[in-house]
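Readers should treat all values here as calculations from the given coordinates under stated rules, not as data from a laboratory. A quick note: this is a predicted structure, and the numbers were derived from the prediction, not measured. As a convention, Cβ positions derive from the backbone with ideal geometry for all residues, glycine included, and neighbour counts pool all protein chains shown.
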Amino acid sequence: MLSEPLAAWIGRQRWFGGKGRVIDELSIESDVELTSGLRHLIVAVWQEGSRDRYQILLGERTELPDRLAHALIGTIGDTYLYDAVHDSERMSWLLEGMAHDVNGNGLRLRHVPDATIDTSQRSLALGAEQSNTSLVYGDAYICKLFRRLIPGVNPELEIVTALAARGAPHVARPYGWIETDLDGTGTTLGFMQEFLSNANDGWDLALTSVRDLYASLPELPAAEAGGDFSAESLRLGSATARVHHELATAFPTDVIESHEVKRMAETFRRKLGRAAAEVPELRRHVPAIEHAYHQVELLTHEVPVQRVHGDYHLGQVMRTPTDWVVLDFEGEPGQPLAERRALYSPLRDVAGMLRSFDYAARHLLAGHSQAERLEPRAQEWADRNRAAFLEGYAEGGGIISRGDAALLRAFELSKAVYEVVYEARNRPSWISIPLAAFRPR
Ligand SMILES: Nc1ncnc2c1ncn2[C@@H]1O[C@H](COP(=O)(O)OP(=O)(O)O)[C@@H](O)[C@H]1O
Ligand SMILES: O=P(O)(O)O[C@H]1O[C@H](CO)[C@@H](O[C@H]2O[C@H](CO)[C@@H](O)[C@H](O)[C@H]2O)[C@H](O)[C@H]1O
């Protein structure tokens, strides 16, 4: 029986969302052959009464080369079954399929109109991600395979194709996608974009700058230390404003009136309640956070809303030789699709990036022998780069009015609450970073 080895294997995968909970049952909802030696499976995993569905590309070989030994899932008779994302020979089929708009046993592979796909590129599966698996084809494309499936079009495909079709800068060019029907709804299985081979992750660049600052002796002000990042933060602010403008042009916009703003504050509160029930370290900060949320309830002006990025941080932006490119418009992983596609104030993204500057400044302090001495330097770096980002956002046409301060603060705190839960679940040694956001100012 295939479901047994699959259940044992899936629980160990980095992208598996149900870690830490026992798998009560794994059933195979669909199992189709894509080409000889390559099957596509959708499996349902039951844990504590709830079901999540995942896609698996299953390779079959009668001999397993050493390079695929780590991908082994199990054997049935003489056949080795393995995670085919690690098999570049099998993954060529996906590239060919997108290039030629193939329909394969319920899967539809498509290319973006006007895009020509070079099918000679060979794939390599990236190892670093948390919730998906990406295949890099040569240095040309990156195809993200969504592991946990939620019926519907993935917001990343929806947004990037819409923005690119308008010629918007700051997004990586889309090439193709893979979809199927799940519960009768067209559902994105994978999305392929241009691979930015000559670019650096915003998080890595920011950390290099923070490291330079910590190492500078005598202790120079952030502005004078080598590796100052603020010009980049300014440029990133401006790129962010441009992306928000493009999103507001390509998708519907709306305004929410003051009574609905109050409902927003209630949502913040509900999430805070759930988070505090899960993470005890958060509890003593609840009154101060609630006070900040209450300031939102007092607002009397309308708030413009639109499609936003939804999970905006330094790890989602890349610096190419010419400018910043924004990635991963998927929203917060784990949230329902309707929530991820809803309209929000763009201040939510602004707040996300402001939080990320705090993260970058503080992350090297966790466990650092000189953390106390370096704390003011961390604060200085964060303040300087947060200010530059906001200045760039305004220069790029982004609007943050005086009356927005309470909302921006509430978005920041709400993101920090999300982060506390995220760290408690995934990286407990990092929890002090978002907790620092609740210190009195
Ligand atoms: N178009 C791209 N070009 C180059 N690298 C990319 C591209 N898209 C993603 N990456 C790399 O893959 C990492 C993870 O991508 P991301 O879309 O954020 O996946 P996840 O949602 O699993 O975090 C990024 O931090 C980046 O380093
Ligand atoms: O990139 P993902 O879509 O998987 O986002 C999730 O993971 C992020 C961590 O990698 C997490 O971001 C938090 O940590 C970042 C540093 O690693 C920091 O820059 C962000 O500000 C902080 O929120 C993100 O919240 C989570 O959804």
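Computed values, structure above
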item	result
Centroid-to-centroid separation of the stretch 176-200 and the stretch 321-338 [C-alpha atoms, Å]	13
Least to most buried among Met1, Met318, Met91 (fewest other Cβ within 10 Å first)	Met1, Met318, Met91
Fully extended contour minus Cα-Cα distance, from Gln295 to Thr75, at 0.36 nm per residue	73.2 nm
Rounded Å value of the spacing that divides the Cα centres of the stretch 224-299 and the stretch 1-80	38
Span from the the stretch 369-407 Cα centroid across to the the stretch 93-116 one, whole angstrom	44
Unit charges on C-beta of K, R, D, E only; dipole of the stretch 3-86, Debye	380
Residue-averaged 222 nm ellipticity for the chain, from DSSP H runs of 4+ at -39500 (n - 2.57), nearest 500	-12500 deg cm²/dmol
Listed residues Thr300, Thr133, Thr187, most fluctuating in the chain (Gaussian network, C-alpha, under 10 Å)	Thr300
The stretch 388-432: C-alpha gyration tensor shape, a/c 1.5 cut-off, then a/b vs b/c	prolate
Cleavage-rule hits, GluC sites (Glu not before Pro), the stretch 36-68, DSSP coil, Cβ neighbours within 10 Å at most 11	Glu48, Glu63
Cβ-derived FRET efficiency at R0 30 Å, Ile23 paired with Asn200, nearest 0.05	0.20
Candidates per GluC sites (Glu not before Pro) in the stretch 236-266, loop by DSSP, up to 13 other Cβ within 10 Å	Glu257
Cα-based shape type of the stretch 1-60, given that a ≥ b ≥ c are square roots of the gyration tensor eigenvalues and the cut on a/c is 1.5	prolate
Among Arg284, Arg341, Arg409, residue whose mean-square fluctuation peaks in a GNM of the chain (springs only between Cα atoms under 10 Å)	Arg284
Lys, Arg +1 and Asp, Glu -1 on Cβ, resulting dipole of the chain about Cα centre, debye, nearest 20	1040
Low-density loop cleavage sites - GluC sites (Glu not before Pro) in the stretch 297-378, where at most 14 other Cβ are within 10 Å (DSSP)	Glu302
Positive-end extreme of charge dipole, the chain - chosen from Met98, Pro65, Ala366 (charges on Cβ)	Ala366
Whichever lysines have a C-alpha closer than 28 Å to that of Lys271, once near sequence neighbours (fewer than 8 apart) are set aside	Lys19, Lys262, Lys415
Most positive-pole-ward Cα, Trp46, Ile28, Thr75, against dipole of the stretch 3-86 from beta carbon charges	Trp46
Top of Ala215, Ala416, Ala168 by mean-square fluctuation, Gaussian network on the chain, Cα under 10 Å	Ala215
Cα gyration tensor shape of the stretch 200-438, rounded if a/c is under 1.5, else prolate or oblate by comparing a/b with b/c	oblate
Packing-based order for 344-357, 77-90, using average beta carbon neighbours within 10 Å, highest first	344-357, 77-90
Kirkwood-based shape ratio for the chain, expressed as Rg/Rh from alpha carbons	0.98
